[in-house]
Amino acid sequence: MNIKISDRSADLSASLREYMESKVVKLEKFFSRISDAQVLVALHKNIYSVEITANANGVMLRGEEKGQDMRKAFDLALKNLEKQIKRRSSYLKDKAHYYNYNDEVFSFNIEGDFEANDQQFEDLGVVRIKKIVVRPMEAEEAIMQMDLLGHEFFMFLEAKSGRINVIYRRKNGGYGQIQPID
């Protein structure tokens, strides 16, 4: 498993990095096909935010927690991720038939100076740019991926049409799908 640990405004000691890495590696006991994992620790107004994202056979899973203690926030985020893996284990195993373990279906792009990127687009209102690799899927799978990530929307390549679509959570319940006009 490839593990990347990054921090924003939070200084991680070598021992804490080793602790995080040793815990993240243990996710493989729940599902052996986790190829990549990212831990992002941010400090904002004396509150640590820990986000752990894992690629489990092409399915993105995420656990996130905030707290005043970095280690406790990490442990809780990891526990959330473990629950997701256990809850979705049969689905993840079914996906093994469709994706090769060595296929790269997404990549993390968090290198660089975050402050510079944030400042560059601050005037436009864009505070973060996230690059993703979209892959073909049905709307039902996109909804599940969106729920696993805890997002309000999810962009994907619609399998039948081969076009970019967006699934979103409606305020009054249910989901909506945005499709481009031909």
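The values are calculated or read from the model by the stated rules, or taken from the named source; none is laboratory data. Just so we're clear, the structure is a prediction, and the values are computed from it rather than from any experiment. A quick note on method: Cβ atoms are made from the backbone with ideal geometry, for glycine too, and the neighbour counts reach across all protein chains shown.
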**OP:** Go through the residues of region 3-11 one by one and say whether even a single one is touching a Lys or Arg at 6+ places or on another chain (Cβ under 7 Å) and crowded, with 17+ Cβ neighbours inside 10 Å.
**Re:** yes
Original post:
For residues in region 32-88 being surrounded by fewer than 20 Cβ atoms within 10 Å (Cβ to Cβ), among the aliphatic types (A, V, I, L, M) and farther than 16 Å from Ile5 by Cα, which is modelled with the highest pLDDT?
Top reply: Leu76
**OP:** Sort out which residues of region 35-47 are in contact (Cβ under 8 Å) with a residue 40 or more places away in the chain and either in contact with a Ser or Thr (Cβ under 6 Å, 6 or more places away or on another chain) or within 16 Å of Ala77 (Cβ to Cβ) (or both), and write them in order of number.
**Re:** Gln38, Leu40
**OP:** Looking at (1) more than 30 Å from Ser15 (Cβ to Cβ); (2) at pLDDT 80 or above; (3) among the aromatic types (Phe, Trp, Tyr), find the lone condition where Tyr98 falls short.
**Re:** (2)
